[in-house]
Amino acid sequence: MELVTLLVILLSVCCSVLIYQKWRDISSKPLPPGPRGLGTFFNFVNAVSNFTLHVHADRWARQYGDIVSVALFGQNIVILNEGRLMKRFFCDDSLKMVTNDRPSSFASRFVFKDQCIGVSSLGKHHTRMRKLFHSSLKLYGDGVQCFEDTIIEELRRVVLQINSNAEVPLDEIISNFLLNAIHILLTDERPNDGDSTLRQMKEYNSAVNRLFGLEVDQPLTIMPFLRYLPGPLKTKCDNVKSCIEALYASIYENMKAQYIPGEPRGLIQAALETQHNMSDKSKMADDHIRFIMLEIISAGYLTTRGTLLGLFLALMEQPDLQDTLYEHIKASVGDRKVNVVDRGSIPYVDAMVLEVLRYLTHGPVSLPHRTNKDMEIDSYRIPKDSIILANFWSMAHDEKVWDSPWVFRPERFLDDQGHLLPPDHPVRQRFLPFGVGKRQCPGEVFAKTRMFLLITTLCQHFKFLPPEGGMTSSSDVRTWSPGLILQPEKVLCKVELRDTRPLLQ
């Protein structure tokens, strides 16, 4: 017995020594390089307030390298400026369970109760929510192709609307198309003309993006009582709450009231069907389905809107690219309407989408990650509860990585035979606009499918030209209004009919 006790004591001492040595090794390693001092604090606050964090982060990347740390009042912020480093941080087996949590914030609690896919911490709930999203899509049909006919009909409306305008308000037309597509995905039906639902979806997006801006979210996270004090912060919170309640009433409650077990329509009822078939319904509350609905409306609108408007602005500025795209469409599709299955035969469209995502980078900084324990990488230490940001802006516009990064050139993503470079190609790995690993956007396929159908269909029918008086906006995102998601001002254009126009025949 004494021998056993002695062995336990010796083992405990050895473990303590090893833990101490590990702690000493980690604590003795330096933080990644970065700016220090009071001036950095004021620069950071100014950058957050003016939505120019990506500009400052790009400057720090040029000065300090691929990984930068900034310490603000005891909070360590790590900024990743290179794609392969980002993939190591978030995908390596030794790191991914440490680096993929989310920091809790007022906005994520207020809107989603920290429960949706994008903001919830890793664990069983996060895994369950991702499975719910993907299983609902599959139950609703074979991925996104299930609503292809409805989307094609929506595109026919868009084509007719464009054809009937001398000067085309492209920003309004694309906005309505995207919101209608989201509504169709959620409900399997198009909102009636004049329905208030599209307006509610726009107002919700605008209100939520203001709330998630760091200049609003951070004061409320630190001092949540400000939500109840009269002033601009309370007003923003009240606006978000009223927008959410309106969407719950007009979309969710309506679809739940119409739900018939065994006959689901749209993603919401598909999720209700999954809930209905579960033996333990506590694992999927109604709130979980509501949060997925809100997340789809949030993630599926502004980012895709900015991508599409930026692409058409670039095509107006470079008509030769527009002609090349038309020739690819004509050669593969001819005079019939475009289908989802055509995507594989027109790689030039996918190359254009990848290039416009790189060229614009209108979501210049990622959502924050949080380290859930101390870690080390490349001789640097990253303390527990550090905030990690991926600097997409620098990844996409680094002159050492991209030749002429401020030139829109889709051929970057094609090989010598005109085929799309595979996802694991070094060029594709330099920029990962949909994220990687456990935080990769679950709606990537849905987003790319909508963009393919819209771009291909519109360019099959029309040539897009600057309006009388010249371009109303530039494709150069550096000229766009600052914001959490960068967006161009009003986009007007003229059109000329092409020879191939199946939806007008």
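Any read-out appearing in this document is the output of simple, stated calculations on the displayed coordinates, not a laboratory observation. Just so it is clear, the model here is predicted, and its values are computed rather than measured. Note that each Cβ is placed from the backbone with ideal geometry, even for glycine, and that neighbours are counted across all protein chains shown.
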Taking amide H positions as placed 1.01 Å from N in the peptide plane, with prolines and chain starts having none, which residues 5 or more places from Leu414, or on another chain, fall under 5 Å of its amide H?
Leu421
By the mean-Cβ-within-10 Å protection proxy, highest first, 94-101, 105-112 rank as 105-112, 94-101
Tell me, what is a quarter of the convex hull surface for the C-alpha atoms of the range 124-504, in nm² with one decimal?
21.8 nm²
Which net charge results when you count Lys and Arg as +1 and Asp and Glu as -1 among the other residues whose beta-carbon is under 14 Å from that of Lys241?
+4
Length added when fully stretched, Gln429-Ser49, from 0.36 nm per residue minus Cα-Cα
133.7 nm
Go ahead and estimate [θ] at 222 nm for the chain from helices alone: -39,500 (n - 2.57) per DSSP H run with n ≥ 4, summed, over the residue count, rounded to 500.
-16500 deg cm²/dmol
Under the Kirkwood approximation for Rh and a Cα-based Rg, what ratio Rg/Rh is obtained for the range 375-418?
1.20
Given 77-87, 386-396, the highest-first ranking by average Cβ count within 10 Å works out to 386-396, 77-87
Determine ³J(HN,Hα), in whole Hz, for all residues of the range 326-334 in sequence, where each value follows from phi through the Karplus function 6.51 cos²θ - 1.76 cosθ + 1.60 and θ = phi - 60°; x replaces Gly and Pro.
4, 5, 5, 5, 4, 5, 8, 10, x
Using only the Cα atoms of the range 409-505, what are the Rg and Dmax in Å?
17.2, 47
The extension gain from Asp416 to Lys124, computed as 0.36 nm times the residue separation minus the Cα-Cα distance, is 100.6 nm
Could you work out how much longer the chain between Gln161 and Asp195 gets when fully extended? Use 0.36 nm per residue separation minus the Cα distance between them, nm to one decimal.
10.4 nm
For Ser473, what residues show an amide H to amide H distance below 5 Å, using hydrogens built from the backbone and excluding near sequence neighbours?
Leu492
Explain nothing, just compute: Karplus ³J(HN,Hα) = 6.51 cos²θ - 1.76 cosθ + 1.60, θ = phi - 60°, for every residue of the range 421-427 in order, whole Hz, x for Gly and Pro.
4, x, x, 8, 5, x, 5
Surrounding net charge for Ser332, when Lys and Arg each add one and Asp and Glu each subtract one, Cβ distance under 13 Å
0
Around Leu220, what is the net charge, scoring Lys/Arg as +1 and Asp/Glu as -1 over all other residues with Cβ under 11 Å from its Cβ?
+2
